[in-house]
Amino acid sequence: MDETVSPDLPARLAAIRTRRRFLWTVFATYIPVIWFALKIGGDNLALVVGILWLVMASAGGILVSFALCPRCGDRFHMKGISTSWGGRCVHCKLSLSKEK
Ligand SMILES: [Zn+2]
């Protein structure tokens, strides 16, 4: 495990925050988007939107789960096979918040 601090640490932390924001946005918009698809296009459009949502949720989950910590280089949210989407690295406890 490399304990050196990356000079672009703030930018890399911001990238992790962006990935997390994308994932939570996908999750939060599921019900309203499906409801809207049902209203304007019926079951067929809702099915297409549901499949698209599933693809985006999967991609977001992979992007978040496999994000690398800029300080220790391990996966920020994964330790072994378990995933925690908390605001700290599960290995070195580096915080995603802007203050140290
Ligand atoms: Zn770390």
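Laboratory data are not the source of any read-out in this text; all were calculated from the coordinates shown. Everything numeric in this text was worked out from a predicted model, so none of it was measured. Neighbour counts are summed over all protein chains in view; Cβ atoms, including those assigned to glycine, are modelled from backbone coordinates with ideal geometry.
Okay, here's what the table says:
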quantity: R0 of 22 Å, Cβ-Cβ distance Leu38-Trp85: FRET efficiency to nearest 0.05; calculated: 0.15
quantity: Cα-centre dipole for the chain with unit charges at Cβ (Lys and Arg positive, Asp and Glu negative), debye to 20; calculated: 280
quantity: 10 Å-binned pair-distance histogram of the chain (Cα, whole percent); calculated: 16, 38, 24, 15, 7, 1
quantity: Length-normalised contact order for the chain - Cα pairs under 8 Å, 6+ apart - percent; calculated: 30
quantity: Listed residue (Ser95, Leu68, Leu13) projecting farthest to the positive dipole end of the chain, Cβ model; calculated: Ser95
quantity: Listed residue (Trp85, Val49, Phe27) projecting farthest to the positive dipole end of the chain, Cβ model; calculated: Trp85
quantity: Using alpha-carbon coordinates, inclination of helix 9-65 to the longest axis of the chain, degrees; calculated: 10
quantity: Spin-label model distance (nm) - Asp8 vs Ala59, 7 Å beyond Cα toward Cβ; calculated: 2.2
quantity: Long-range HN-HN contacts of Cys69 with modeled amide H, under 5 Å; calculated: Asp74, Arg75, Phe76
